[in-house]
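A quick write-up on the structure given underneath.
The values are calculated or read from the model by the stated rules, or taken from the named source; none is laboratory data. Owing to the predicted nature of the structure, the values given are computational and were not obtained by experimental measurement. Here the Cβ is made from the backbone with ideal geometry for all residues, glycine too, and neighbour counts use every protein chain on show.
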Amino acid sequence: MQDDPEGPGFGTRLVQMGRPRSAAQTFVNPPLERGSSVLFPSVAARDATRARPFDQVLTYGLKGGPTHFHLEDAVAEIEGGSRSQIVSTGLAAVTAALMAYLRGGQHCLVPDSVYGPTRTFLDGMGAGFGIATTYYPPTIDEGGLRAMMRANTALVYAESPGSHTMEVQDVAMLARVAHGAGARLVLDNTWGLSFFRPFDHGVDCSIQAGTKYLGGHSDLLLGALTTSDDANWQRVRSTATTLGHYASPDDCWLALRSLRTLRVRMQEQMRSGLEVAGWLRGRPEVIEVLHPALPGARGHDLWKRDFSGAASLFSVVLAPRFDHDDLVAMIDALRLFGIGASWGGFESLVLPTAALITRTVEAGKFPGQIMRLHVGLEDTRDLIADLEAGFEVLARHAAGRAGRPHPTPPDWTGQ
């Protein structure tokens, strides 16, 4: 976790941030405040407020209220940025950032390992707006990235680690190339919440899916955009409000409550995730564990250089002798791992991911089936026992395929 050696620790700041203190007798948590219409004492007061469109002032419910402002202040402090804009979902944060920095006739570079809905937006609506997108290998080197920049490249997008296949990106290098060409760098930093400080590495705008670890309980949808300076924040905020993005104050209040335990949850889930990942690495059914915090894993050196910890989301590559049906039989037999697409909550989750992976350049090629695991707050001995029983089902199902064709490796291209 990110601690200030000369000031309060991260855990202490989490308890205090986004929570106005008063000498008056009051509850510990700030109240939930809802509203749409705002009343002003005079026309002059209304005009004065409307003249400050980028300040945290009450103008209309769409522009946020006290509960929103408390959460925005807290997220900005966690990310180490200037200001934050809260929106309704993680995908809303992604699309708002893209629309803030891209216009028709411009070009953006996006890692081939990007979150699927980000690709869907750019290939569909983005292309319809006249935005050109090129996908680059997520582990591209500096020379390769420079060669892909165009005169009209306005944005380099990053997601580190990559969705499903966990490639760690050299964010400082991406920033250097982007800024050298007059472009901006946007990073989806959801996996790295509190473990990676984006603005120390040159990021202009950092995206959080607050649905995940920030919410922590799998019961709200939320997104956040945090920026390096006020100029970037004004650009993001103007776009978000113009598009009508809004977040429920109820969800903001729940997120404020949840973030008080963020440090202890993520530390415990990091520890448990590494324990389960290390155990999986020793299984004969597994040929690779895609967890950058494991020594020797892909991306470990960059992770060690840039991160202070690790989320509990990672992927596992099975030996080529197992096919999709074998993996499905194993997953269906698990008792403690729920089958679910999101992550960051208190419960453990699993997904077969081959059908969710799209690649259009040489990236993310693996010889066997992949399952993505999110390790929650259950006892690791119970999770390991559950997986062990699942591997027994996997082996029995594969043995029952006698006489059927040998499985072929998944095709990641164009899925």
Residues of segment 51-99 satisfying the condition of being in contact with a helix residue (DSSP H, G or I) (Cβ under 9 Å, 6 or more places away or on another chain), over 14 Å from residue 188 (Cα atoms) and charged (D, E, K, R): 55, 63, 72, 77, 83
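Could you check segment 108-158 and list, in sequence order, the residues that are β-branched (Val, Ile, Thr) and either in contact (Cβ under 8 Å) with a residue 24 or more places away in the chain or part of a loop (DSSP other than H, G, I, E, B) (or both)?
Let us first name the residues in segment 108-158 that are β-branched (Val, Ile, Thr), namely 110, 114, 118, 120, 131, 133-134, 139-140, 153, 156.
The answer is 110, 114, 118, 131, 133, 134, 139, 140, 153, 156.
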Please work out which residue is surrounded by the most Cβ atoms within 10 Å (Cβ to Cβ), limiting yourself to segment 87-107 and to residues that are touching a Cys at 6+ places or on another chain (Cβ under 9 Å) and part of a helix (DSSP H, G or I). 97
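Of 367, 409, 405, which residue is in a loop (DSSP other than H, G, I, E, B), touching a strand residue (DSSP E or B) at 6+ places or on another chain (Cβ under 8 Å) and at pLDDT below 95? Lay out the reasoning, then the answer.
On the way: 409 fails: touching a strand residue (DSSP E or B) at 6+ places or on another chain (Cβ under 8 Å); 405 fails: touching a strand residue (DSSP E or B) at 6+ places or on another chain (Cβ under 8 Å).
Criteria check complete, one pass: 367.
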Residue check for residue 243: of a type in the set (A, V, I, L, M, F, W, C) and either under 30 Å from residue 36 (Cβ atoms) or surrounded by fewer than 24 Cβ atoms within 10 Å (Cβ to Cβ) (or both): yes
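Might you let me know whether segment 62-70 holds any residue that is outside any loop (DSSP other than H, G, I, E, B), surrounded by 10 or more Cβ atoms within 10 Å (Cβ to Cβ) and of a type in the set (Lys, Arg)?
Initial filter on segment 62-70 (outside any loop (DSSP other than H, G, I, E, B)): 62-63, 66-70.
Checking the rest, the ones that are also surrounded by 10 or more Cβ atoms within 10 Å (Cβ to Cβ) come to 62-63, 66-70.
From what is left, the residues that are of a type in the set (Lys, Arg) are 63.
Yes; the residues of segment 62-70 include at least one that is outside any loop (DSSP other than H, G, I, E, B), surrounded by 10 or more Cβ atoms within 10 Å (Cβ to Cβ) and of a type in the set (Lys, Arg).
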I'm trying to understand the selection: among the residues of segment 50-62, which are in contact with a Phe, Trp or Tyr (Cβ under 7 Å, 6 or more places away or on another chain) and of a type outside the set (A, V, I, L, M, F, W, C)? 56
On the basis of being among the β-branched types (Val, Ile, Thr) and either touching a Ser or Thr at 6+ places or on another chain (Cβ under 9 Å) or surrounded by 14 or more Cβ atoms within 10 Å (Cβ to Cβ) (or both), does residue 28 make the cut? no
